[in-house]
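Below is one structure, written out as structure tokens; comments come after it.
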Amino acid sequence: MSDAPIIAQKAPYPIEVTAGKSYFWCACGKSSSQPFCDGSHKDTGISPTKYTAEADRTVYFCGCKASAKAPLCDGAHNKL
Ligand code: FES
Ligand code: FES
């Protein structure tokens, strides 16, 4: 059974990603190293989401954990 994710913040985290590099987005909201997983999901039944960057650019990782396009922000935080 999975717990519901908690809101880390009601705004995205802008992160400069590097092409070809993989990132593990925190889906549970409990990580202290937002927006990335630090292992704190251990007892939640939630797993991080892997994101592999296709280009060097700034992407907006979801902080509210309610995005339908996770791990990226889709604006859902505006309705929370
Ligand atoms: Fe949140 Fe790992 S700490 S998914
Ligand atoms: Fe979650 Fe924008 S921060 S949808």
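Throughout, read-outs are computed from the coordinates displayed, never taken from laboratory work. None of these values were measured; they are calculated from a predicted model. We place every Cβ from the backbone using ideal geometry, glycine too, and count neighbours over all the protein chains shown.
Worth a mention:
- Net charge of Cβ neighbours under 11 Å - reference Ala66; Lys, Arg +1; Asp, Glu -1: +3
- Beyond 18 Å in Cα-Cα separation lie the following of the pairs Lys10/Lys65; Lys21/Lys50; Lys21/Lys65; Lys10/Lys30; Lys30/Lys79: Lys21/Lys65; Lys30/Lys79.
- With both labels modelled 7 Å from their Cα along Cα-to-Cβ, the Lys79 to Ile7 distance reads 1.4 nm.
- When Rg and the Kirkwood radius Rh are both evaluated on Cα atoms of the chain, their ratio Rg/Rh stands at 0.96.
- Counting only Cβ charges, +1 for Lys and Arg and -1 for Asp and Glu, the dipole size of the chain around its Cα centre is about 140 debye.
- Environment charge of Glu16, counting only residues whose C-beta is closer than 15 Å and scoring Lys/Arg +1, Asp/Glu -1: 0
- Sparse-neighbourhood loop sites, trypsin sites (Lys or Arg not before Pro) in segment 13-46 - DSSP loop, at most 16 other Cβ within 10 angstrom: Lys21
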